[in-house]
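None of the figures in this text is laboratory data; all of them are computed from the coordinates on show. Everything numeric in this text was worked out from a predicted model, so none of it was measured. All Cβ positions, even for glycine, are placed from backbone atoms using ideal geometry, and neighbour counts span all protein chains on display.
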C-alpha cells in the first residue's frame, strides 16, 4: 500500500478473486486480465472512470496479483490523455491482499483494507463485469454526496444465471432488502466511508488482521435503515463469470 499522504483514491476496482468458474482460463491469468474485445477486461471500467474524471484509482489483488500490477502499472499507458476532460493520467494504487494475507479478503474486507487510501465518497465496481456504456459521472457522485445516504447502487435486469435477483427498488429510489420484484446488483456503487464503520462494520480501518467479510450483509443492514438508494441500469451488462460468457462477448 502507498504512503497515507498520497492523494485519496476516487474509485476501487475489485480484482482479487480466484475466478474458479473461469478455469482453466484463470489458472495462469487473473480473470480481470482476460481479453475482451481487444483489451483486458478490467481496462474497460478503468478507462470509463477516467473519462468521467476519476483518475485516482485503487485496485485490490490476490490471485496472481503480481501480473495485474506488472501489466497495468502505476500509470497505465493507454493513450487516454486525449480522451479525458482533464490532463491527468490514471494513477493506480494497489492493495495486494494476497501478498499481505495469503488470499482475498472478500468485498467488504477488501474495501476496509483499502479504506485509509479512499476518499470520503468513492466508486466501487468489479473488475470482471463488462458494462461498456456505463458512464461514471461527476453529477452522480455530487448527487450521492449531497444525499447524505451511505450507498447508491446500480441494479440491472436479472440475467439467466441470477433469475431471482438480489435487491428491490422502491418508487422513492430506496434499495430494498425484501421485495416481490428484485433486480441484480451490477457490482457498481457509490459509497460513503461511514458504511464501513460501526454500526454496520466492526473491522478497524485498514483491516490490519485481514478479516474476510462480504459486502451484502452491510448493504442489507443499511437498507433496513433506509440508507441505500438505487437505480436501474438497462445498458449492456455482463458478469463475465464463465468461459462461455467470455466467448460470447468476443464473438466466438
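Points worth noting:
- Taking label positions 7 Å along the Cα-Cβ direction at both residue 224 and residue 28, the computed distance is 4.8 nm, reported to one decimal.
- Distance-filtered residues of the range 7-46 - backbone nitrogen under 20 Å, label point 7 angstrom along residue 247 Cα→Cβ: 19-39, 41
- Label point distance in nm, residue 89-residue 143, each placed 7 Å from Cα along Cα→Cβ: 3.4
- Share antiparallel - DSSP beta bridges, the chain, percent rounded to 5: 45
- Three-way shape label, the range 138-240, alpha-carbon gyration tensor, a/c 1.5: prolate
- Structural descriptor for the range 9-249: relative contact order 24 percent, calculated from alpha carbon pairs under 8 angstrom and at least 6 residues apart.
- Value at 222 nm in deg cm²/dmol, rounded to 500, when DSSP H runs of n ≥ 4 in the chain each add -39,500 (n - 2.57): -6000 deg cm²/dmol
- Listed residues 218, 118, 49, most fluctuating in the chain (Gaussian network, C-alpha, under 10 Å): 218
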